[in-house]
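**Student:** Below: one structure in structure tokens.
The values are calculated or read from the model by the stated rules, or taken from the named source; none is laboratory data. Keep in mind that what you see is a predicted model, and the values were worked out from it rather than measured. Ideal geometry is used to build each Cβ from the backbone, glycine not excepted, and the neighbour counts take in all protein chains shown.
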Amino acid sequence: MKKVFTVVIAVLMCASVVFAQAAAEENPTISVWVSGAGSQVEVLKAACEDFTAETGIKVEFSAPGDTYEEMMKTKMASNDLPDVFDTHGWAVVRYSDYLMPVNDMAFYKNISSQIIPTVSKDGKTYVLPFDMDLTGIVYNVDVMNEAGVDVDKIKTWADFEAACEKIKAIGKTPVTLGGSSGVTVGWYYDRVAPSFYYTDETNSKAADLKSGKFDPKPWEEISAMLDRWVSKGYLNADCVTGDFMGDITAISTAKAGFDFIQNVAITMGRANVNPDGNMGMMPIPSKSASDEPSLISGEGVALGIWKDTKHKAAAEKLLNYLAQPEVAAKVCTATGNVPALTNVKVDLGVLQQYIDKYSDVEAFNYFDRAYCPSGMWDVMCATGQDVLAQKSGAVAESAKQMKSTFDALWGN
Amino acid sequence: MLNAMQSKNRTINLFYVPALVLFAFFVVYPFVKGIYLSMTNWNGYSRSFKIIGLANYKNLFADKNVRRAFVNTLIYGAGSTVIQNLLGILLAVLLNQKFRGRGFVRTVIYLPVMIAPLIMGYIMYFFFNYSRGALNDILKLLSLAPVDWLADGNRSVWILTLVNSLQFVGISMVIYLAGLQNIPGVYYEAADIDGITPSKKFLFITLPLLMPAITSSVTLNLIGGLKLYDVIIALTGGGPGYDTNSLSTLIYRYYFGGERAGYASAIGLVMFVFIMIVSNIVVRGLQKRQVEL
């Protein structure tokens, strides 16, 4: 009797394990990690919840915020990544070895040809891109009007400095740059560097950069320009210790003229600080009059599937769900960026007129993403902070450290 | 008889095994792996990397960010130790006296210890912040110009040292209070009979008999200061530039931000040796001065 009882219990236990596994396969739980914060995260989270309600597939949604990159690097080291994750501009350089191509998925045919090269390698596309980060320099329209600055006449950095002088003359801060985290100063370099390295085709150093040669001289000029802006009082008094939200507040309340944050400065400023904030976006000036102003374009919010996921079908289902026009449109509206899927139509509000106006302006990918080995960002930010703080020798040192880190990471 | 003893010892020794396994798994293995990684150019996540011998160690001594972090670490360690212990003894002597509200004052001084250093850093960020900081609000009330307190790296290093010291002074105070309460009253009674002044009583009775407490407190503060991390991350992020990094925060930045895990491992090993040597010297020096009650 005892023996029969033991056998029955054992059979029941085995059966429960088998059934539980079958149920798990049918309704798996997939992990989704996204970077960033604010409205874009909220939109993605809500979309994942709707997906669960519709399909029964549970989603463990995680947005670690500032620590996203560090946590992802730890996960890459242990080859234990989330089933679906955000590549935050690094789909190819950093994450492509960990992602499965999406070329066979339903949404692939809708990915804009403008973003395909940025998120593809050797013909394989690795992510579902929601938006393209098409951006320039954000400015406050009221401040420009008050100072008598016509942004369409700003073609070179010399013109930009002349505009700064006019803004300073009316008692406003020409450029707001909160350097405490280093990120905003990194964005300054990302925007300015193309005009010193490769937007001018006759003097382009793009090929050198791609082959592992970094010329520190243009970088020194970029740092010298920032240093000059600090000396001339074009930047906010707390440029070394100010923060991102301080910049958004200043630009959306007409206390500052320009900022170097992406278009999200406009959407966040109007949503969280001043609904009447009158802001616009302009192309980035060139170094010389013989060159043309340009824009920055790159991967925005993009999700990929871990190549070793145990829930491939569920992860693909999720990406297909998120690629639906009405869902993807919400992400673009939150980021204030141009859709990366051709079947998605979004009215970007005040931004739309600028996107249309500058549709013919040539756009270049972010400097560090396109031409630097992964790992340069921290040096760009830290040495930029030194320039902001006007430390002795900081201008030359910024170029020197960029060169040495570039060489070290390239293995030169 | 001998066999029974050996068998008993063997059984007893078996109880060490779990601890030894855990120690080997969580301390010895990562340490050995760290030595190995310090000789590679691993970026912290890639599947492939090259062994580059001692190149990381060679670069380390030429890296001005490492030199700066090393000096900062010394300031954080020594500065915090001095401030915490001087204040700790002072507060302990004061709060060892009997007066109304003594328990309340002790609690208030100890309270910051219970706050996570990261939170303390964020609180202090809003104290020292240029545009929204409490300190500049006070300056404005006094009709003084606001100061960007954290914009200067040298000043920020001392601000960080002070913040760390004030947060953990409660621990030193408690250690010294315990030490003071262990000193038998007869020594003071004998001193009173001999007409010894209070300052001499402190110098020749209290201080020598507090040496075990001083050893504990100094060692704790020194190690805590030398590996200062959280408050730096929250208050300055190691900036401006690399100016306020300790070796710990620099390792973090090089490892994750700079994707130079091999190099960061080399700094970590040097830091380990450095803390071990400093702590040993200090502890041995202090132990020699201890007196038996």
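**Student:** Restricting region A:163-185 to residues that are farther than 16 Å from A:Val230 by Cα and within 13 Å of chain B (Cβ to nearest Cβ), which is modelled with the lowest pLDDT?
**Tutor:** Within region A:163-185, the match that is modelled with the lowest pLDDT is A:Ser181.
**Student:** Okay, next question. If I go through region B:34-50 residue by residue, how many of them are in contact with a Gly (Cβ under 9 Å, 6 or more places away or on another chain) and either modelled with pLDDT of 95 or more or not aromatic (Phe, Trp, Tyr) (or both)?
**Tutor:** Result for region B:34-50: 9.
**Student:** Please work out which residue is surrounded by the fewest Cβ atoms within 10 Å (Cβ to Cβ), limiting yourself to region A:385-412 and to residues that are touching a residue at least 60 places away in the same chain (Cβ under 8 Å) and farther than 29 Å from B:Ile52 by Cβ.
**Tutor:** A:Gln390
**Student:** Now for a separate question. Condition (residue is modelled with pLDDT under 95, of a type in the set (Ser, Thr, Tyr), crowded, with 24+ Cβ neighbours inside 10 Å and within 20 Å of the chain's Cα centre (by Cα)) applied to region A:235-250: is it met by at least one residue?
**Tutor:** no
**Student:** Find the helices (runs of 4 or more DSSP H) located wholly in region B:35-143 whose residues include 1 or more that are farther than 24 Å from B:Ser265 by Cβ and more than 14 Å from chain A (Cβ to nearest Cβ), and list them.
**Tutor:** Details: elements: B:55-62, B:64-74, B:80-95, B:102-110, B:117-128, B:134-141.
Counting at least 1 such residues, we get B:80-95, B:102-110, B:117-128, B:134-141.
**Student:** How about region B:219-256: which of its residues are of a type in the set (A, V, I, L, M), within 14 Å of chain A (Cβ to nearest Cβ), more than 23 Å from B:Lys33 (Cα to Cα) and surrounded by 22 or more Cβ atoms within 10 Å (Cβ to Cβ)?
**Tutor:** Passing the criteria: B:Ile232, B:Leu235.
**Student:** Out of all the residues in region B:233-248, which are assigned to a helix (DSSP H, G or I) and in contact with a Ser or Thr (Cβ under 9 Å, 6 or more places away or on another chain)?
**Tutor:** B:Ile233, B:Leu235, B:Leu247, B:Ser248
**Student:** Where residues in region A:246-266 are within 14 Å of another protein chain (Cβ to nearest Cβ) and in contact (Cβ under 8 Å) with a residue 60 or more places away in the chain, which of them is nearest to A:Arg191 (Cα to Cα)?
**Tutor:** My answer is A:Asp247.
**Student:** Quick one: would you say B:Ser172 is out of contact with any helix residue (DSSP H, G or I) (no Cβ under 8 Å at 6 or more places or on another chain) and either without any contact (Cβ under 8 Å) to a residue 40 or more places away in the chain or under 30 Å from B:Met114 (Cβ atoms) (or both)?
**Tutor:** Here the answer is no, as B:Ser172 does not meet what is asked.
**Student:** Quick one: count up the residues across region A:51-70 that are free of Cβ contacts under 8 Å to residues at least 24 places away in the same chain and closer than 21 Å to A:Pro373 by Cβ.
**Tutor:** Final tally of qualifying residues: 1.
**Student:** Another question about this same structure. Pick out, from region B:180-232, the helices (runs of 4 or more DSSP H) lying fully within it that include 2 or more residues that are over 20 Å from B:Val169 (Cα atoms), hydroxyl-bearing (Ser, Thr, Tyr) and touching a residue at least 24 places away in the same chain (Cβ under 8 Å).
**Tutor:** Output list is empty.
**Student:** Right, another one. Can you tell me which residue within region B:91-128, out of those that are more than 27 Å from B:Ala178 (Cβ to Cβ) and free of Cβ contacts under 8 Å to residues at least 12 places away in the same chain, is surrounded by the fewest Cβ atoms within 10 Å (Cβ to Cβ)?
**Tutor:** If we take residues in region B:91-128 being more than 27 Å from B:Ala178 (Cβ to Cβ) and free of Cβ contacts under 8 Å to residues at least 12 places away in the same chain, then B:Phe126 is surrounded by the fewest Cβ atoms within 10 Å (Cβ to Cβ).
**Student:** Conditions: (1) over 30 Å from A:Trp377 (Cα atoms); (2) charged (D, E, K, R); (3) within 14 Å of chain A (Cβ to nearest Cβ). B:Glu259 meets all but one. Number of the miss?
**Tutor:** Among (1) over 30 Å from A:Trp377 (Cα atoms); (2) charged (D, E, K, R); (3) within 14 Å of chain A (Cβ to nearest Cβ), B:Glu259 violates only (1).
**Student:** Could I ask something else about it? Kindly indicate whether A:Gly304 is surrounded by fewer than 20 Cβ atoms within 10 Å (Cβ to Cβ) and part of a strand (DSSP E or B).
**Tutor:** No, not satisfied.
**Student:** B:Asn13: within 14 Å of another protein chain (Cβ to nearest Cβ) and either farther than 20 Å from B:Val270 by Cβ or surrounded by 11 or more Cβ atoms within 10 Å (Cβ to Cβ) (or both), yes or no?
**Tutor:** Working: within 14 Å of another protein chain (Cβ to nearest Cβ): no; either farther than 20 Å from B:Val270 by Cβ or surrounded by 11 or more Cβ atoms within 10 Å (Cβ to Cβ) (or both): yes.
No.
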